[in-house]
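Since the structure comes first, as structure tokens, the remarks are kept for the end.
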Amino acid sequence: MAQRPNEPRTYFAPTGGHPPQTQLLTDRAVFTEAYAVIPKGVMRDIVTSHLPFWTGTRLWVLSRPLTGFAETFSQYIMEVQPGGGSDKPETDPGAEAVLFIVEGELALTLNGQVHNMQPGGYAFIPPGSDWTARNSSNTTVRFHWIRKAYEKVEGVDMPEAFVTNENDVEPLVMPDTNGCWSTTRFVDTQDMRHDMHVNIVNFLPGGVIPFAETHVMEHGLYVLEGKAVYLLNKDWVEVEAGDYMWLRAFCPQACYAGGPGPFRYLLYKDVNRHMKLPTYGR
């Protein structure tokens, strides 16, 4: 298990605000040709965005499709005040989504069924779904919204919507790690209906990725709890709960989990589709 027995899971969520005029500017924010690090300290009021048809809502855009970098997905942290939300949350009929709750309670109505989602709550929403999102509680709700243009394949069915909570999903332990490294997977890796996976990766203190993973999948990694030293391309970077890492394809990565508690992050990657080829000369 990637979590010590009886140890509660925690989820970091930004709250905005502004630093004082006396604060030093030196921070860990960096954007390179292979990766970006957006530390929690830069998620302030002045850099929030707003969306059509959402009320009482602001968001931090962590990533967006960017030509020559990571091109397949966008990721937001949504902040919805009591009474806020949307009856028309998605304006792109081809977009699929994952919602992951990190603070508060969200009333998600998905294809006519109401789900009261709490921290750790996870929803997969296929393209073209009928859904709404409302904060019916008396406290702010914060959640991740990961969006991707679904890639249809002739002969492969569309994936079905589902809602669950990570507390109801048993993490799968990586072999030969003595339980120090595991992944909470919400869909079967062999299910070809899905063209993206959003998982939670878990490390106990001292756990490592013991080689520089270098692969075609793009990544968005949001640190839910803990701290680590993370290899990004050729740089070792310190990260902690609330930080976001954005990786293009083939960016080498590895990590050492620093403790004293678990190190866990929400992970996006694109999967299960052919690589698109250029069309010139056809």
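Here are some residues: ALA133, ALA123, ALA149. Which one is farther than 24 Å from GLY242 by Cα, out of contact with any Cys (no Cβ under 6 Å at 6 or more places or on another chain) and among the small types (Gly, Ala, Ser)? If you could, list the steps in order and put the result at the bottom.
On the way: ALA133 fails: farther than 24 Å from GLY242 by Cα; ALA123 fails: farther than 24 Å from GLY242 by Cα.
Matching residue, one of ALA133, ALA123, ALA149: ALA149.
Assess whether GLY207 counts as being under 29 Å from VAL61 (Cβ atoms), modelled with pLDDT of 95 or more and in contact with a Phe, Trp or Tyr (Cβ under 6 Å, 6 or more places away or on another chain).
Details: under 29 Å from VAL61 (Cβ atoms): no; modelled with pLDDT of 95 or more: yes; in contact with a Phe, Trp or Tyr (Cβ under 6 Å, 6 or more places away or on another chain): yes.
Considered against the rule, which asks whether it is under 29 Å from VAL61 (Cβ atoms), modelled with pLDDT of 95 or more and in contact with a Phe, Trp or Tyr (Cβ under 6 Å, 6 or more places away or on another chain), GLY207 comes out as no.
Given the conditions (1) over 16 Å from the mean Cα position of the chain (by Cα); (2) loosely packed, with under 15 Cβ neighbours inside 10 Å; (3) without any contact (Cβ under 8 Å) to a residue 40 or more places away in the chain; (4) under 25 Å from MET196 (Cα atoms), which single one is not true for LEU106?
(2)
Rundown of residues vs (1) in a strand (DSSP E or B); (2) over 23 Å from ASP243 (Cβ atoms), yes/no style:
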| position | (1), (2) |
| --- | --- |
| LEU66 | no, no |
| PHE69 | no, no |
| GLY83 | yes, yes |
| GLU90 | no, yes |
| GLU96 | yes, yes |
| PHE100 | yes, no |
| PRO159 | no, yes |
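Which ones in segment 32-57 are farther than 27 Å from TRP236 by Cα, surrounded by fewer than 20 Cβ atoms within 10 Å (Cβ to Cβ) and in contact with a Leu (Cβ under 9 Å, 6 or more places away or on another chain)?
THR48, SER49, HIS50, LEU51, listed by residue number.
Taking segment 81-114, which residues are over 17 Å from SER129 (Cβ atoms) and not small (Gly, Ala, Ser)? Spell out how you get there, then give the answer.
Step one: list which residues in segment 81-114 are over 17 Å from SER129 (Cβ atoms), which gives 81-84, 101-105.
Once the filter is applied, which keeps residues that are over 17 Å from SER129 (Cβ atoms) and not small (Gly, Ala, Ser), segment 81-114 yields GLN81, PRO82, ILE101, VAL102, GLU103, GLU105.
Exactly one of these conditions fails for ALA107: (1) under 24 Å from PRO8 (Cα atoms); (2) assigned to a loop (DSSP other than H, G, I, E, B). Give me its number.
(2)
Can you name every residue in segment 183-206 that is hydroxyl-bearing (Ser, Thr, Tyr) and touching a Leu at 6+ places or on another chain (Cβ under 6 Å)?
Answer for segment 183-206, where residues must be hydroxyl-bearing (Ser, Thr, Tyr) and touching a Leu at 6+ places or on another chain (Cβ under 6 Å): just THR183.
Quick test for you: out of ILE101, ILE125, ILE200, pick the one residue that is buried (at least 22 other Cβ atoms within 10 Å of the Cβ), in contact with a strand residue (DSSP E or B) (Cβ under 9 Å, 6 or more places away or on another chain) and within 14 Å of VAL80 (Cβ to Cβ). It would help to see each step written out before you state the result.
Numbers: ILE125 fails: within 14 Å of VAL80 (Cβ to Cβ); ILE200 fails: within 14 Å of VAL80 (Cβ to Cβ).
Criteria check complete, one pass: ILE101.
The values are calculated or read from the model by the stated rules, or taken from the named source; none is laboratory data. As the structure is a computational prediction, the values presented were derived from the model and not from experiment. FYI the Cβ positions are ideal-geometry reconstructions off the backbone, even for glycines, and counts take in every protein chain you see.
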